[in-house]
Structures are given as C-alpha cells and as structure tokens.
Amino acid sequence: MEEVIKILLIDDDEEDYIITQDIIEDIPNKKYLLEWVNSYEKGKENIDQAKHDIYLVDYRLGINSGLELIREAIGSGCTTPLILLTGQGDQEIDEKAMKAGAADYIVKATLNPYQLERSIRYSIEHARNLKQIRQLNMDLERRVEQRTQDLELALKKLEHTNENLKRAEKETLKALEKERELNTMKSKFVTIASHEFRTPLSTILSSASLIAKYNAPGDEEKRQKHISRIKSSVNNLTGILNDFLSIGKLEEGKVTNDPTDIDIRHFSEELIEEITPMLKEGQHIIYTHQGENSNLHTDKQLLKNALLNLLSNASKYSEAGKPIELSSSITDKACMIAVTDHGIGIPDSDKQHLFSRFYRAQNVTNIQGTGLGLTIVKRYVELMSGIIKFNSEINKGSTFTIMLPLAIGKIR
Ligand code: ADP
C-alpha cells in the first residue's frame with residue numbers, strides 16, 4: 001500500500017490552505033493528507049504531538065513569525081522537517097530560516113506541484129538521514145563510553161598488577177638485602193670468631209695445663225685463680241656466641257615482646273646475683289630504687305637480656321675494683337633503669353655510631369667484643385616500646401639509661 005504523507009499547514013490565511021490543497025492534489029503518483037491550523041499556538045500544540053510527517057509554516061502568523069515557531073520547535077527537540085513559506089523571495093529570510101533549522105524555504109508565489117513535491121521529498125529524506133546519523137552517533141557514543149569503561153577497567157587491573165609487581169619487587173629486594181646482611185654477618189662471625197676466640201681458648205688451654213701442674217696441697221690458691229680464668233674465658237666465648245644467636249633471631253623476627261608483671265626491685269636483685277660471679281675482682285653492683293611503686297609490666301626476658309648486656313659492658317669496660325651502679329625509678333608514667341660505670345668512657349667521635357652493628361669505639365682495641373651487644377639491647381628496648389640513651393666521658397665512665405612506658409604506648 002502506498003504511504004500517505006501527513007502534512008500540517010500552519011498558516012493564518014485560509015486562502016493559502018485552499019491554494020496549497022489545490023497544488024497538492026496536482027502532485028502525481030503521491031498520496032498526501034493536508035491538515036491546517038491557523039495560529040502559532042495550535043501549530044505548536046500539533047508539533048508537540050508529532051502526528052505529522054512534515055510542517056509547512058507560514059512566515060507570518062498573526063503577531064508571531066513562523067521563524068520563531070521553527071526555532072521553538074527545534075529547540076524543544078522536534079525532528080520532523082519544517083518548511084518555511086513566505087510571501088515573496090527574500091535572501092535574508094532564506095538564511096534566517098536555514099539558521100533557525102528549517103528544512104527548506106519556499107516562496108508561495110512560485111509554488112507549484114513539482115517544487116512542493118520535491119521540497120517535501122528532500123526534507124523528509126534529509127530528516128530521515130539526520131535521524132539515522134543521530135542514532136548512529138548515539139550508538140557510537142555508547143560504544144565509546146563502553147570502550148572507555150572497558151579501558152578504565154583494564155587500566156585499573158594493570159595498575160593493580162603493577163602495584164603487585166612493585167610490592168613483589170620490594171619484597172624480593174628486602175629478602176635480598178636480608179640475605180646479604182646474613183652473609184655479611186656470617187663472614188663477620190668467621191672473622192670475629194677466628195680472632196676473638198683465640199685469646200680465651202689459649203687462656204683456657206694454658207690455665208688447664210697449669211691446674212694440672214698445681215696439684216700440691218699448698219697450690220689451692222693458684223688453682224682457684226686459673227679456674228676463674230677458665231670460667232671468665234668460657235663466659236667470653238659464650239657471650240660472643242650469644243650475641244650472634246640473638247642478632248640472628250632478631251633478624252628472623254623470632255624475638256617477641258610478651259609482657260608480664262614484674263617487681264623491678266626483686267628482678268634487679270636476682271639479676272645482680274646472676275651476674276656477680278662474672279664480674280672482675282673487686283667489682284660489685286650497688287643497687288638503688290626510687291619511687292613507692294616497683295611494679296612494671298614488660299617482657300621479663302627482653303629486659304633481663306638488655307640489662308645483662310649493659311652490666312657486662314660496665315664490668316668489661318672498667319677496671320677491677322671499680323663499682324658499678326644499677327638504679328631504677330618508677331613514676332606515674334615511666335620506668336627508668338640506669339647502669340653506671342667508672343670505666344674507660346666513650347670517645348665523642350664514636351658516640352653517634354655506638355648502636356650500629358659491629359661498631360666498636362677506638363679505645364677498646366685490647367678488650368674483647370663483637371660490637372653487637374648494644375645493637376641487640378636497642379632492638380630489645382624498642383620491642384618493649386622503650387628508648388635507650390647514654391652519657392659518657394672518656395676515662396671517667398658511662399651511664400646507659402633505659403626508659404620504659406608503664407602503660408601501653410611508646411615513650412617519645
Ligand atoms: P662489644 O662490647 O661486644 O664491643 P657492644 O655493642 O656492647 O659491643 O658495644 C659497642 C661499643 O660501645 C663497645 O665496643 C665500646 O666501644 C662501647 N661501649 C659499650 N658500653 C660501654 C661502656 N660501658 N663503657 C665504655 N664503652 C662502652
């Protein structure tokens with residue numbers, strides 16, 4: 001069945017309707033249905049209902065102009081073609097019509113069936129093409145949006161993979177660094193062991209041979225002297241081995257902080273009892289405590305190891321006969337424990353490196369050690385959320401002070 005093209009003429013002059021009707025009837029081989037409204041408002045109303053295939057809009061519509069109607073219709077989204085009709089040819093109106101969005105511009109005086117048919121056909125085709133283009137454009141936009149989303153997703157995945165790779169790289173580097181450190185430690189251990197083990201081992205050997213000789217009843221004192229030399233050498237060796245074991249455990253993250261309630265006075269007295277046999281001749285530890293409270297919540301083993309280390313340094317780096325002071329004090333917020341000796345002290349230039357691994361001050365070349373003890377002490381204290389400081393004057397002595405929090409939290 002042939003398609004009927006519905007035309008709406010918007011024109012305030014009935015005469016024009018009759019003429020247009022006549023012209024349309026003269027168009028061969030096409031079916032048209034012409035309807036007519038005679039005002040701007042009715043025209044707008046019909047355009048809004050979108051019941052027609054094309055609008056013929058007169059330039060003059062009472063006090064309004066057909067151009068305004070076209071502009072308004074297009075502005076409110078009309079996609080049906082609108083053709084502007086004018087009384088006479090005018091280039092300016094033609095251009096205005098084009099700018100307003102009219103599909104064509106026809107001068108009524110020259111209107112004939114051929115021209116009208118052609119204009120309607122072109123306008124409808126053009127509008128159809130425009131619609132298709134719009135549709136294609138929308139499809140395209142949708143596809144672009146979809147692609148953009150896909151790309152964003154892919155990008156995010158890539159970023160994620162990248163982050164994972166970076167993390168893995170960091171971890172590998174860390175592991176490598178640890179491996180390197182362990183290797184350094186192993187070789188340092190071999191160096192230190194071959195150097196530091198020699199003296200205590202030869203002491204043990206010579207003392208043991210001498211003990212074998214001093215077997216007469218009056219030699220008791222000499223025997224005791226060599227027994228204590230053997231003991232102290234063994235202690236030295238044990239100390240070196242312990243330092244390496246402790247640092248190894250720390251490196252592997254195997255040392256944990258398990259706080260319990262401690263009475264610092266009782267704890268210190270036990271500690272003194274344990275270390276006294278290892279002190280040099282004539283050395284003894286004077287202990288004092290300040291504060292009514294003596295209760296502390298911290299890791300007993302970590303604190304014990306840290307203080308044993310500081311006390312044995314105090315003994316090692318001061319002469320026989322010199323006293324060592326151990327003091328504790330507890331306030332509302334913190335516990336302070338200090339170890340003071342009157343020994344060789346620490347040169348100013350060495351102070352800043354003292355807690356570095358393997359570091360030994362320049363004035364200790366004749367005294368055995370690994371340079372690991374203070375590194376271990378500092379790590380233990382940090383595990384207990386505390387801090388360690390020291391004061392020292394060369395040839396006068398040193399004080400190492402540990403500060404621990406009473407409540408959970410770090411001391412600053
Ligand atoms: P080590 O005693 O095995 O050398 P530490 O890490 O315990 O290792 O100490 C590092 C360095 O700090 C020591 O070699 C020494 O130079 C210095 N030091 C530590 N404690 C004292 C102290 N009480 N008096 C003087 N020097 C000390």
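Candidates in segment 331-344 are the residues that are more than 39 Å from the chain's Cα centre (by Cα) and not in a loop (DSSP other than H, G, I, E, B); of these, the one that is nearest to the ligand (Cβ to nearest atom) is D341.
If only residues of segment 345-357 that are more than 8 Å from the ligand (Cβ to nearest atom) and of a type outside the set (S, T, N, Q) are counted, the one that is nearest to K322 (Cα to Cα) is P347.
Condition test on A320, is it in contact with a Gly (Cβ under 9 Å, 6 or more places away or on another chain), among the hydrophobic types (A, V, I, L, M, F, W, C) and either in the same structural domain as G386 (by TED's automatic domain parsing) or not in a loop (DSSP other than H, G, I, E, B) (or both)?
Details: in contact with a Gly (Cβ under 9 Å, 6 or more places away or on another chain): yes; among the hydrophobic types (A, V, I, L, M, F, W, C): yes; either in the same structural domain as G386 (by TED's automatic domain parsing) or not in a loop (DSSP other than H, G, I, E, B) (or both): yes.
Yes: the conditions hold for A320.
Criterion applied to P259, P217 was being over 28 Å from S318 (Cβ atoms) and free of Cβ contacts under 8 Å to residues at least 40 places away in the same chain, and the one residue passing it is P217.
The residue that is surrounded by the fewest Cβ atoms within 10 Å (Cβ to Cβ), counting only those in segment 367-401 that are away from the ligand (no atom under 11 Å from the Cβ) and assigned to a loop (DSSP other than H, G, I, E, B), is S385. For segment 208-229, taking the residues that are surrounded by fewer than 14 Cβ atoms within 10 Å (Cβ to Cβ) and of a type in the set (A, V, I, L, M, F, W, C), the one that is farthest from the chain's Cα centre (by Cα) is identified as A216. The criterion of at least 2 residues that are on the phi < 0 side of the Ramachandran plot and within 16 Å of the ligand (Cβ to nearest atom) is met, among strands (runs of 3 or more DSSP E) falling completely within segment 202-304, by 285-290.
Here I264 clears all of (1) surrounded by 14 or more Cβ atoms within 10 Å (Cβ to Cβ); (2) not hydroxyl-bearing (S, T, Y); (3) not assigned by TED's automatic domain parsing to the domain that holds R379 except the condition numbered (3). Residue selection: K316 satisfies the criterion of being closer than 19 Å to K231 by Cβ, within 16 Å of the ligand (Cβ to nearest atom) and crowded, with 19+ Cβ neighbours inside 10 Å.
The values are calculated or read from the model by the stated rules, or taken from the named source; none is laboratory data. If you're wondering where the values come from, they're calculated on a predicted model, not measured in any experiment. Methodologically, a virtual Cβ is constructed for each residue, glycine included, from the backbone with ideal geometry; neighbour enumeration extends over all protein chains shown.
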